[in-house]
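Here the structure is laid out as structure tokens; the discussion comes afterwards.
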Amino acid sequence: MKPTDFVILLIRASGRISGRTLLQKRAFFASELAGLTLDDTFVAHYYGPYSPRLDAAIANLKALGFVEERMIGFGAAGTGGFEIKRYDYRLTEDGENVADSLAELHPTEYSAIVDSVEKIKAAGDPNYFELSIAAKAYYILRKKARPMNREQIMTAAESFDWNIQPESLEKAVSFLENLGLTRTRTNAN
């Protein structure tokens with residue numbers, strides 16, 4: 001599936017997505033859960049797995065008028081005075097029409113994306129920060145391709161310049177377990 005098609009269907013299934021980071025992480029998990037071959041586009045980035053191809057797809061969809069990006073400002077923060085802002089995404093009316101056509105053209109994939117979004121919501125519907133930590137942990141587990149304990153995940157995260165706190169990792173592991181993407185091993189005595 002083309003990244004532009006995936007993004008349109010993901011936003012359609014989500015309704016609206018609040019934030020660039022949330023969009024990237026939801027795309028990461030939805031593509032994994034739906035069994036779509038988008039995971040090869042994700043690379044390690046500041047806030048976890050990030051796809052430049054999906055970012056380009058979003059830019060193209062905005063330029064075509066299919067996706068609306070709305071900046072929400074929260075004012076200046078911190079000592080540097082930088083503005084804190086978030087970008088929200090939704091389909092335009094034309095985007096909804098395209099999504100209708102794509103859903104008819106790719107019914108199996110669309111159904112899988114909808115199911116994936118529902119699983120993410122049912123597993124706790126984490127905010128962008130929590131989903132980012134979960135995506136980092138899962139990305140590490142996939143890259144290492146072996147079982148790892150929490151300490152090993154936090155150590156491996158350092159190689160990507162990611163700092164994962166133990167309490168954040170606990171929430172992430174719980175989320176991944178709820179999604180069925182990982183499980184905790186118990187030692188039998």
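Observations on the model:
- Between 0 and 90°, nearest 10: helix 93-105 axis offset from the chain longest Cα axis: 70
- Farthest toward the positive end of the dipole of region 3-179, out of Ala156, Gly19, Tyr89, is the Cα of Ala156, where the dipole comes from beta carbon charges about the Cα centre.
- Cα-based helix-to-principal-axis angle, 3-14 vs the chain, degrees rounded to 10: 80
- Axis angle, to the nearest 10 degrees, between helix 107-122 and the longest C-alpha principal axis of the chain: 50 degrees.
- Translational diffusion of region 113-182 was estimated from the Stokes-Einstein equation, with Rh taken as the Kirkwood radius over Cα pairs; at 4 °C and 1.567 mPa s the coefficient is 106 µm²/s.
- Loop-located chymotrypsin sites (Phe, Trp or Tyr not before Pro) in region 41-148 (DSSP state not H, G, I, E or B) with no more than 16 neighbouring Cβ atoms inside 10 Å: Tyr46.
- Loop-resident trypsin sites (Lys or Arg not before Pro) (DSSP state other than H, G, I, E or B) in region 104-189 with no more than 14 further Cβ atoms inside 10 Å of their Cβ: Arg183, Arg185.
- Under 17 Å from Lys62, Cα to Cα: aspartates and glutamates that are on another chain or at least 8 residues apart: Asp5, Asp88, Glu93, Asp94, Glu96
- Taking label positions 7 Å along the Cα-Cβ direction at both Ser159 and Ala145, the computed distance is 1.3 nm, reported to one decimal.
- Filter on Lys121/Lys144; Lys121/Lys171; Lys2/Lys85; Lys119/Lys143; Lys25/Lys85 - keep pairs with C-alpha separation over 25 Å: Lys121/Lys144; Lys2/Lys85
- The magnitude of the dipole of region 1-62, with charges of +1 and -1 set on the Cβ of Lys/Arg and Asp/Glu and taken from the Cα centre, is near 300 debye.
- Its Cα centre serving as origin, region 110-170 has a Cβ charge dipole (Lys and Arg +1, Asp and Glu -1) of approximately 340 debye.
- Cα-Cα separations in the chain greater than 20 Å, expressed as whole percent: 56
Every number here is computed from the coordinates shown, using simple stated rules; none is lab data. On a predicted model such as this, the values are computed, not experimentally measured, just so you know. Every residue, glycine as well, gets a Cβ built from its backbone with ideal geometry; the counts of neighbours run over all protein chains shown.
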